[in-house]
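Before we start, here is the structure in question, set down as structure tokens.
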Amino acid sequence: MAELKNEKPPTTSINQIYDEPYLNLLEKADFCPIFIMADHRSGTTLLYQTLVATECFNFIKSYHIVKYDELISNYVNGTEKQARQEIEDIFKSLGMKDRVIDNVAVTPDLPEEYGFILKNAGCDSYLNPNNLFKFTELCRKIQFVSKRERPLLLKNPWCFPHFVYVKTAFPEAKFIFIHRHPIHVINSKLKAARSILSFRNEYIALIAHQYKQIFDNPVQSFLYQLLYSSYFDLGLHRVTKETVQSTTYFLNNIEALPKTDYVSLTYEELCHAPEATIIRILGFLGLEARVTLAYDTLIQARQLKLLPEVERNYERIRQKLQPYFAYHGYDT
């Protein structure tokens with residue numbers, strides 16, 4: 001879904017001071033980030049959850065987003081358990097069991113995108129010079145309240161068409177690129193956008209302040225529904241344009257990264273050979289899984305049904321994305 005213009009999210013003065021007395025402690029929390037890079041709906045959640053399940057990484061949790069302004073305070077004062085229970089109680093009171101758009105179960109430990117923290121702070125969702133300080137702060141916070149000997153694994157699809165800047169800001173960073181058949185990505189983006197815009201998704205409203213603002217404004221809500229609707233294929237045109245732009249950026253800029261600093265895979269590979277794929281990623285990072293995983297139960301491909309407008313325009317979309325098709329062998 002397209003980003004809203006920067007508007008300050010609602011905050012309370014109490015929240016703003018929770019962590020303030022402890023911010024000097026973050027100097028002890030060094031980090032070297034590992035980024036999962038991909039377009040939206042490319043399998044980033046599946047990959048993130050599976051890598052997190054190896055217990056090799058620190059990561060952003062929904063707890064970190066909802067309670068961001070009090071993470072250090074809760075950790076230092078031993079009130080994390082209470083804060084997590086408050087989130088569990090919210091989930092229960094609102095009848096939340098999963099994210100709806102993909103049936104992923106919601107818990108305080110659900111791996112999530114750092115873009116929500118940036119956006120809730122009034123910044124852009126993607127990393128840039130204007131929010132670099134905030135991003136560094138959030139990374140240090142996560143490392144401080146987690147197992148500090150573990151590397152920090154991050155994902156945020158908004159940064160996919162900006163990965164060159166990310167590498168410039170963090171020269172030691174490693175990247176895990178995951179790609180998916182682009183027409184399947186477009187189909188999934190449309191379904192997800194229409195799902196979260198057709199009715200209020202309480203989970204997303206909890207972690208994304210500006211999403212909540214959409215549903216507090218009927219006019220704005222209607223306009224977003226229209227933008228992603230099937231009327232005159234408005235939604236398809238919008239999502240196809242976004243996908244062409246992000247995949248073109250990848251093709252034009254991937255050579256700028258040293259080959260030793262990234263590994264690339266496809267969603268299809270992950271679903272077909274999950275164990276071998278995860279072992280390959282861990283090997284690239286010089287890590288070994290700390291636990292034995294039942295990969296066949298963790299990763300299962302979903303049945304795909306194309307939306308009518310996607311099916312009707314399949315060949316036209318494929319032609320727009322031909323270079324990306326060829327790069328990943330999707331033509332065959």
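Which one is most open to solvent (accessible area, probe 1.4 Å), of the residues in segment 94-139 that are over 26 Å from Leu46 (Cβ atoms), among the hydrophobic types (A, V, I, L, M, F, W, C) and outside any helix (DSSP H, G or I)?
Let us first name the residues in segment 94-139 that are over 26 Å from Leu46 (Cβ atoms), namely 121-123, 128-134, 136-137.
Those left that are additionally among the hydrophobic types (A, V, I, L, M, F, W, C): 121, 123, 132-133.
Still in the list and also outside any helix (DSSP H, G or I): 121, 123.
Values: Ala121: 49, Cys123: 25 Å².
Across segment 94-139, the extreme among qualifying residues is Ala121.
Now for a separate question. Hey, which of the helices (runs of 4 or more DSSP H) in segment 230-332, taking only ones fully inside, have at least 3 residues that are among the polar types (S, T, N, Q) and open to solvent by less than 90 Å² (accessible area, probe 1.4 Å)? Walk me through how you get there before you give the answer.
On the way: elements: 234-253, 267-272, 274-285, 295-298, 308-312, 314-320, 322-328.
Fully inside segment 230-332 and qualifying: 234-253.
Given the criteria basic (Lys, Arg) and open to solvent by less than 20 Å² (accessible area, probe 1.4 Å), does Lys61 qualify? I'd like the intermediate steps shown before the answer.
Numbers: basic (Lys, Arg): yes; open to solvent by less than 20 Å² (accessible area, probe 1.4 Å): no.
When the stated conditions are applied, Lys61 does not pass them.
Ok, one more. Of all residues being assigned to a helix (DSSP H, G or I) and aromatic (Phe, Trp, Tyr) in segment 52-84, which is farthest from Gly115 (Cα to Cα)? Just the residue, please.
Among those that are assigned to a helix (DSSP H, G or I) and aromatic (Phe, Trp, Tyr), it is Tyr75.
Among the residues of segment 224-255 satisfying the criterion of being of a type in the set (Asp, Glu) and in contact (Cβ under 8 Å) with a residue 24 or more places away in the chain, which is farthest from Asp39 (Cα to Cα)?
The qualifying residue farthest from Asp39 (Cα to Cα) is Asp233.
The values are calculated or read from the model by the stated rules, or taken from the named source; none is laboratory data. Owing to the predicted nature of the structure, the values given are computational and were not obtained by experimental measurement. For neighbour counting, all protein chains shown are included, and Cβ atoms are generated from backbone atoms with ideal geometry for every residue, glycine included. Surface areas here come from the heavy atoms of the whole protein model, side chains and all, with no ligands, DNA or RNA. Shrake-Rupley method; radii C 1.70, N 1.55, O 1.52, S 1.80 Å.
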